[in-house]
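Before any comments, here is the structure.
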Amino acid sequence: MRFKNQFAYARRILPAATRRALNPPARGPVHLILVLADHFEPSVTPGGGPKRAPRPEQERRLESWVREYPKVVDRWRDLDGRPLVHTYFYPAEQYDQGLLQMLAEHCHAGWGEVEIHLHHGTPQPDPAEDTRRALTEDTRRALTEFRDHLAFRHRCLAMEAGSTRPGYAFVHGNFALANSANGCFCGVDSEMQILADTGCYADLTMPSGLSHPAQVEKINSVYECALPLDQPAPHRRGRDLVAGRAPQIFPLMIQGPLVTDLRRSLRSLRPALDNGAFTRAMPPTLHRLSLWKQAQVRVLDRPDWLFIKLHCHSMDPTQSDAVIGDSFQNFLSALVEGADDRKETLHFVTAREMTNILLAACDGRQGNPHDYRDYRFKRIADLPLSKEKSTSLPLEVEQLGKLERL
């Protein structure tokens with residue numbers, strides 16, 4: 001990336017990220033509501049790029065993960081007795097029924113939930129109108145078909161009382177949400193409207209980082225989009241969620257921390273930001289936890305509920321230490337065992353549960369956030385099936401007829 005572009009991105013983001021780093025830490029008892037958004041790609045190859053790992057290798061990775069991860073995290077629980085679960089954002093364009101069913105069973109056993117991830121577009125911007133139109137149609141179809149596979153074939157995703165379609169959370173591949181990366185890796189200006197039309201209730205894509213072209217100026221927030229959903233990057237402006245006012249525009253934008261790490265910046269003599277990613281170069285630590293708290297992502301007028309959205313790529317074999325190895329285990333041990341001394345109450349949640357707790361906070365609910373994990377959007381896996389079961393995928397309304405109303 002050219003220096004002038006890097007400078008422009010830094011100038012847009014760095015002042016606000018540094019102000020958060022200079023804020024006083026949260027005082028008094030706080031509830032930390034943590035979600036780990038896993039950009040879950042069994043086909044990923046080290047170093048990235050379009051090449052995909054062979055199907056047997058993908059299966060081996062997934063089998064190892066569902067076998068080993070519960071063993072690693074089971075001993076450390078939050079106040080509610082819940083382990084650190086993952087929200088597995090599985091790429092729609094890489095749908096594999098066998099792999100997805102293996103992951104769904106892992107989740108149904110209590111180790112997380114599956115949501116929707118999507119890579120599309122091209123690495124280079126393409127202004128051609130016919131290309132944009134085709135990408136828009138393909139995006140709507142891909143989201144709808146994958147949503148229905150997850151809901152009715154694998155009993156993943158969620159449903160709202162009185163609704164006639166599944167709801168889902170979303171993460172955009174390459175962070176290029178709603179064509180926000182200067183036309184690269186997306187090409188769909190109206191993507192946010194498509195998400196809303198197909199049942200997306202929350203987007204957990206942001207942040208990307210200091211010099212990433214998709215990074216918007218609004219950071220460290222949970223909010224509604226303030227610009228029309230059919231235009232590019234409507235999430236670059238937003239109305240913060242606040243206690244006592246129910247949001248009206250979905251998907252809600254749930255951002256992770258983006259905070260200047262002053263310690264690293266002074267050491268390297270250049271700006272260093274923390275964006276909540278678990279990586280080989282940046283494994284989770286208690287120092288990083290202090291930065292995530294500094295971000296103060298919260299519903300306004302509810303300062304004692306802090307929402308911490310983190311992310312990782314657990315299927316990338318180069319990242320194993322940060323997501324399941326010694327670094328990860330040392331962090332999880334320190335996180336849980338030192339919570340009382342830090343006056344923190346931990347709640348390990350999924351993306352759906354975090355959205356529900358946010359909505360409860362907006363409605364003025366108080367007390368233990370755990371009580372609101374199923375506040376509005378409930379897991380399809382928990383809904384009773386009718387006696388007649390079908391393995392086919394008919395039209396949406398006919399599928400939903402197989403589920404009893406909430």
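Could you tell me whether the stretch 14-37 includes any residue that is in a helix (DSSP H, G or I), open to solvent by 70 Å² or more (accessible area, probe 1.4 Å), over 30 Å from GLN296 (Cα atoms) and out of contact with any Leu (no Cβ under 6 Å at 6 or more places or on another chain)? No, the stretch 14-37 contains no residue that is in a helix (DSSP H, G or I), open to solvent by 70 Å² or more (accessible area, probe 1.4 Å), over 30 Å from GLN296 (Cα atoms) and out of contact with any Leu (no Cβ under 6 Å at 6 or more places or on another chain). Take GLY112 and decide whether it is over 30 Å from GLU344 (Cβ atoms), touching a Phe, Trp or Tyr at 6+ places or on another chain (Cβ under 6 Å) and buried (at least 16 other Cβ atoms within 10 Å of the Cβ). So GLY112 fails the test. Among residues of the stretch 241-259 being open to solvent by less than 10 Å² (accessible area, probe 1.4 Å), hydrophobic (A, V, I, L, M, F, W, C) and not in a strand (DSSP E or B), the one that is farthest from LEU204 (Cα to Cα) is LEU241. Could you tell me which residue of the stretch 204-224 is nearest to LEU118 (Cα to Cα), considering only residues that are touching a strand residue (DSSP E or B) at 6+ places or on another chain (Cβ under 6 Å) and surrounded by 24 or more Cβ atoms within 10 Å (Cβ to Cβ)? Step by step, filter the stretch 204-224, then rank; the result is THR205.
Just one of the numbered conditions (1) open to solvent by less than 40 Å² (accessible area, probe 1.4 Å); (2) in contact with a Cys (Cβ under 7 Å, 6 or more places away or on another chain); (3) not aromatic (Phe, Trp, Tyr) is not true of PRO123: (1). Set side by side, the residues ARG379, ARG405 differ, and just one is open to solvent by 30 Å² or more (accessible area, probe 1.4 Å), among the charged types (D, E, K, R) and modelled with pLDDT under 95, which is ARG405. Can you spot a residue in the stretch 78-86 that is within 27 Å of SER320 (Cα to Cα), in a strand (DSSP E or B), modelled with pLDDT of 95 or more and touching a Ser or Thr at 6+ places or on another chain (Cβ under 8 Å)? Yes.
Taking the stretch 74-90 as the range and being surrounded by fewer than 17 Cβ atoms within 10 Å (Cβ to Cβ) and farther than 17 Å from ASP371 by Cα as the test, the residues that pass are ASP74, ARG75.
All conditions in (1) open to solvent by 70 Å² or more (accessible area, probe 1.4 Å); (2) farther than 22 Å from SER327 by Cβ; (3) under 22 Å from the mean Cα position of the chain (by Cα) hold for ASP96, with the sole exception of (1). Among residues of the stretch 327-338 that are without any contact (Cβ under 8 Å) to a residue 40 or more places away in the chain, none has a beta-carbon under 6 Å from a residue that is of a type in the set (D, E, K, R) at least six positions away or on a different chain.
Of the helices (runs of 4 or more DSSP H) lying entirely inside the stretch 260-348, those containing at least 2 residues that are surrounded by fewer than 17 Cβ atoms within 10 Å (Cβ to Cβ), at pLDDT below 95 and over 21 Å from the mean Cα position of the chain (by Cα) are 262-268. So is ALA158 open to solvent by less than 10 Å² (accessible area, probe 1.4 Å), free of Cβ contacts under 8 Å to residues at least 60 places away in the same chain and at negative phi or not? Considered against the rule, which asks whether it is open to solvent by less than 10 Å² (accessible area, probe 1.4 Å), free of Cβ contacts under 8 Å to residues at least 60 places away in the same chain and at negative phi, ALA158 comes out as no.
The values are calculated or read from the model by the stated rules, or taken from the named source; none is laboratory data. Fair warning: this is a prediction, and the values are worked out from it, not measured in the lab. Glycine also receives a Cβ, built like all others from the backbone with ideal geometry; neighbour counts cover every protein chain displayed. Side chains included, ligands, DNA and RNA excluded: accessible areas come from the protein's heavy atoms. Shrake-Rupley method; radii C 1.70, N 1.55, O 1.52, S 1.80 Å.
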